[in-house]
Structures are given as C-alpha cells and as structure tokens.
Amino acid sequence: MNKKENSQKVQSVYHELSLQTYHREEHNISRKQISENALKVLYRLNGAGYDAYLVGGGVRDLLLGEQPKDFDIATNATPEQIKKLFRNCRLIGRRFRLAHIMFGRDIIEVATFRGHHQEQEKNVSQQSKEGMLLRDNVYGSIDEDAERRDFSINAMYYNIADYSIHDYAGGIEDLEDRLIRLIGEPEVRYREDPVRMLRAIRFAAKLDFDIEEDTAAPIEDLAPLLRDIPSARLYEESLKLLQSGYGLETYHLLREYNLFQQLFPIIAPHFTEEYSSRTEQALDLVLDATDERIEEGKRVNPAFMFAAMLWYPMMEYANRLISKGMSEYDAVMEASNSILDEQVKSTAIPRRHTATIREIWQLQLRLPRRSGKRAYRLMELNKFRAGLDFLEMRGEIEGGEVAALAKWWSTFQLAGRNMRQAMVNDLGGSSARPSSRRKRAPKKPKSAE
Ligand code: ATP
Ligand code: MG
C-alpha cells in the first residue's frame, strides 16, 4: 500500500498521531471476510446513526490475509445506547464497560470509544501510584480511542459507513515492516498497563514480527511490574500466550525478556544457561505438543500443560521431604499443595484445573503398581489417558525405568485379553510392588534436575 500524502494530524494530548485514511479501493479488506454477525452489528449501529468500526485484531488479521480470531467493534454509542439497539445484548466488565452481543455461542464485543484517563472525570478513571490504570471508563472520540490502544497494528479502524480504513499510528506501514510498535512513550504505556509487555510478546510470536527497538527496550527492567496485576488476569493471559498455537516460541521470547519468570516464579530457579534442566525439557516438550495439537485442531488441556511445567519443581520439593523421612505419597501430596498454592498467587489456575493437575501427578505414583487387578482398575480411571501421556513425556526426559514403564503401559493398552494377563503375570513379584499400605523405608532422593 502506498503511503498517503493527505495525512491529517490528530489533536493529541499524549502522542503525535497522524491519521491516514485508506479508501475502499486502496486496501484489500472485503466484507465477505467479515463474519455475518459482526456485519449485522456494524450495520445496525450505523443505521441508528452511530459511528461503527471494526477494530483491533479483526482489521489487523484481515490485512495480513489471516482469519481473525474474533471481531471487535468500536462505536460512539454508549453501552446503554447499544443495549437499546440489541435484544441479545449484555453489558459486562468493570475495568472497561463493554457490550456483548450474543448470537448463540458467537459473541461480538462492542466497545464505546474511550477517552483520556487523565481528564477531569476522576470518578470514572483511577490510577495507582505506580501509574497503573485501575478503572478506565471515560468515553471519548475515535481519535482518543486510537491513542489509548496498545500497538500501531491494533489501532486501525474499518469504517462500515464507507469501507475505508482509518490508520492512526502508522499501523499499515508497521504491518508491512512486520513490527510491533507501542503507541506513545513505551515506559509510560507499560506502567499504565504492564500486561502490554505480555501482549507485545504474544503478537511478536503469533505474527512472527519483530518488536521495534524502543518498544522492546524497557521490557526487561519493567517486567516485575507484572506482580501488581491480579492473578486471575495473568491466568487468562497465560492461556492466550501458551495455548494459542505459538506457545513454544512465546515461552522462549517471554523468558528472554524476563517475563516468564514473573508469571511462573517457581519455575524460574530451574532455568539453566544451556536450557537443559528437566523442567526446561518438560517445557519444550509440552509446549511443542500443545502447538501441534492446536495445529491439528485438537483440544488442549491447560491442566496437562501446567502439570508438566510444575512437575520437576514439585518433585524436587517432594524429594527433600522424602529425605527427611516422609513417605513418598505424603511428600508428593504436601509438595503438590505447596507448589500449587504458591503458583496461584501469581497465575490463578482455577480449582477445576488444579484438581486435575493433582490427579495427573498422583497417577505417576500409581502407574508403577500394576499387579493383580491394579492395572485394569487404573485403566478405568478418568484421568488415565492424561496420566499415561504424562508418563510418556517423563520417559522421554528421564529414560530408564520411567521410559520402560511408559512402554509397558502403551503395549498393555493395545493388547488383547490374554496378552494383558500374560503381561501382568510376567511382572512377577519385583516390579509389582506389594501392598502400598506398607510403610517403606525412606529412599535416597533422586535429584529432580
Ligand atoms: P487477538 O484477539 O487476535 O488476540 P486483538 O488485537 O484483537 O488480538 P484483543 O485482546 O481482542 O486483542 O483486544 C482488542 C483490541 O483492544 C486490541 O487490538 C487493542 O487495540 C485493544 N487493547 C486490548 N488490550 C489492550 C491493552 N491492554 N492496552 C491497550 N489497548 C488494548
Ligand atoms: Mg480480538
């Protein structure tokens, strides 16, 4: 796309924004690429006399020739005015009040243009002493809305009234140069909302863009600001980072910028210069497998991923308890509790997932015990498949007995009735451990790393 001559300076308190307008014939977005529901919402708003734009990832991804994940809409109608137009509308959000227009399972998010938080309406916008925005409900013009957005490539607006694109921060140029560039003064913008650091990494990995120099420079030092972000928000963000198909690349980038360490402070001490600890191997394997599943359109389970990421830190702790004389079972229970309690302080993994993580971990203690009817009973457990996949991953990392055990189980699973019985009989007395109720003498701990 050619750089436009008739660019227009936008009055701005903060940043030098200059609006460039690309008319319908100057860009490649066609209405056919926009979901029917998003179009309905855009036309209804516009028909009622409001401005209505497709904005954010929708415009960005369409310009890149990709299928957007969702279509976000921005308008000058207030949430109440939006609600009056749509029967299927719900108002949500405290930090940002938004309208959700529901079409069955498809939800179109409509946001009212946001204004400057530093203006006089102090009851609707609040800032903490670190410069972080706590509430942000001041409505404004489209120009103001544009400078409140994070990156240039996320501040392009597709106008349903004339199918033009309003590009406020040189987003189209940055798309061509494949650059993630923050709008405004990077340090100020990161302090307002430290999650923008994570978003920079997420888009860089997902789009395979570089992070522009000034945008990248402050991240490493400001990374600890993430500690002030509510753990529930960081959890949501960590899923977008690690479970959107580019998890492996995203983790490596996050780590380079000192961000992963903030999200997972328990894992950070297991990082080595050579990326060779068992924890690091587990991260590489599980994130690679997750990316592959997403690529194949399969479902991914956050519990499995977190279980893999935290297993060796948990086991290192458990082994310390075992060396003090605690039984293996009790040690793993206690270490699981401590590690998960600690982890949810930074990234609030929900309870339904921590329950599954514990089940997967406990199965690792049970899978070696296969004698009599045990193997058959284990196979009937809900989480057996996950437990076995987990054991296989450990086998790849640890080799030896663990790998042999994983192999035994995968053969057993595929075997017919007679073969299975023979396999159980073959276990004899040694690997089919006697009753687990018997207290065993404390074992010398194996090093987790
Ligand atoms: P995707 O949906 O593909 O992950 P997106 O760019 O649409 O990417 P969303 O989280 O859906 O990201 O946000 C929609 C838009 O809202 C963004 O494009 C950006 O303009 C704006 N936005 C979102 N989060 C922030 C933030 N923390 N600070 C400033 N602007 C933001
Ligand atoms: Mg989006």
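The values are calculated or read from the model by the stated rules, or taken from the named source; none is laboratory data. Values in this document were obtained by computation on a predicted structure and should not be read as measured data. Heads up, the Cβs are rebuilt from the backbone with ideal geometry, glycines too, and the neighbour counts pull from every protein chain shown. Surface areas here come from the heavy atoms of the whole protein model, side chains and all, with no ligands, DNA or RNA. Shrake-Rupley method; radii C 1.70, N 1.55, O 1.52, S 1.80 Å.
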Note to self: Taking the alpha-carbon distance from K345 and a cut-off under 18 Å, which aspartates and glutamates remain once sequence neighbours fewer than 8 residues away in the same chain are dropped?
What the structure shows: D228, E236, E237, E334
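Mind checking the per residue accessible area of the chain for me, 1.4 Å probe, whole number of Å²? Walk me through the numbers on the way to the answer.
Working: 22310 Å² over 449 residues.
Heavy-atom accessible area per residue stands at 50 Å².
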Margin query: For the chain, take the longest principal axis of its alpha carbons; what is the angle in degrees between that and the long axis of helix 328-346, to the nearest 10 within 0 to 90?
Written below: 10 degrees
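Given +1 on the Cβ of Lys and Arg, -1 on the Cβ of Asp and Glu, and no further charges, what dipole in debye does the chain carry about its Cα centre, rounded to the nearest 20?
On the way: 66 positive and 68 negative charges, 754 e Å.
The calculated dipole for the chain is roughly 3620 debye.
May I ask you to list the trypsin sites (Lys or Arg not before Pro) in the stretch 278-342 that are in a DSSP loop and have at most 11 other Cβ atoms within 10 Å of their Cβ? Don't jump to the answer; show the numbers that get you there.
Numbers: sites: R278, R293, K298, R299, R320, K324; in loops: K298, R299, K324.
Filter output for the stretch 278-342: K298, R299, K324.
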Next item on the list: Keeping every protein chain in place, order V59, V188, V300 by accessible area at 1.4 Å, biggest value first, i.e. largest first.
Entry: V188, V300, V59
Check: In debye, nearest 20: dipole of the stretch 296-426 around its Cα centre with unit charges on the Cβ of K, R (+) and D, E (-)?
Finding: 580 debye
Next item on the list: Kindly report, to the nearest 10 Å², the accessible surface of D389 as traced by a 1.4 Å probe over protein heavy atoms only.
Entry: 60 Å²
Checklist line | Among Q362, Q20, Q33, residue whose mean-square fluctuation peaks in a GNM of the chain (springs only between Cα atoms under 10 Å) | finding: Q33
Note to self: How many angstrom lie between the Cα centre of the stretch 154-194 and the Cα centre of the stretch 312-373?
What the structure shows: 45 Å
Notebook entry, point to check: By how many degrees, 0 to 90 and rounded to 10, does the Cα axis of helix 351-366 deviate from the longest principal axis of the chain?
Noted result: 30 degrees
Next item on the list: For the chain, with a Gaussian network of springs between Cα atoms less than 10 Å apart, report the residue from M102, M156, M305 with the top mean-square fluctuation.
Entry: M102
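Probe radius 1.4 Å, ligands and nucleic acids ignored: give me the carbon and sulfur share of the accessible area of the chain as a rounded percent. It would help to have the intermediate numbers written out before the result.
Working: 10230 of 22310 Å².
Exposed carbon and sulfur together represent 46 percent of the surface.
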Checklist line | Selection from A99, M333, A48 lying farthest towards where the dipole of the chain points positive, charges on Cβ | finding: M333
Note to self: One quarter of the convex hull surface, Cα atoms only: what value does that give for the chain in nm²?
What the structure shows: 25.6 nm²
Notebook entry, point to check: For the stretch 225-237, in order, what is each residue's ³J(HN,Hα) by Karplus, 6.51 cos²θ - 1.76 cosθ + 1.60 with θ = phi - 60°, in whole Hz (x at glycine and Pro)?
Noted result: 4, 4, 5, 8, 8, x, 5, 5, 5, 5, 4, 4, 5
Check: Measuring from the lowest to the highest alpha carbon on each principal axis, how far does the stretch 296-426 reach, largest first, in angstroms?
Finding: 50, 45, 25
Item checked: Rounded tilt (10° steps) of 36-47 against the dominant C-alpha axis of the chain -> 30 degrees
Margin query: Along the charge dipole of the chain, pointing to its positive end and built from +1/-1 on Cβ of Lys, Arg, Asp and Glu, which listed residue (H166, Y22, A200) has its Cα farthest out?
Written below: A200
Notebook entry, point to check: In a Debye calculation with equal point scatterers on the alpha-carbon sites of the stretch 28-92 and no solvent, what is log10 I(q)/I(0) at q = 0.17 Å⁻¹?
Noted result: -0.60
Next item on the list: Set Lys and Arg Cβ to +1 and Asp and Glu Cβ to -1, take the dipole of the stretch 296-426 about its Cα centre, and tell me which of W361, G416, M314 lies farthest positive.
Entry: G416
Check: Which residue, N418, N154, N28, tops the fluctuation ranking in a GNM of the chain built on C-alpha contacts under 10 Å?
Finding: N418
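For the chain, what is the calculated [θ] at 222 nm in deg cm²/dmol (nearest 500), taking -39500 (n - 2.57) for each run of four or more DSSP H residues and dividing by its residue count? The partial results should precede the final answer.
Values: 20 runs with 216 residues, N = 449.
Computed mean residue ellipticity for the chain: -14500 deg cm²/dmol.
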Note to self: Show me, for the stretch 193-205, the HN-Hα J-couplings you get by feeding each phi into the Karplus relation (A = 6.51, B = -1.76, C = 1.60, θ = phi - 60°), rounded to Hz, glycine and proline as x.
What the structure shows: 8, x, 4, 4, 5, 5, 5, 4, 5, 4, 5, 4, 5
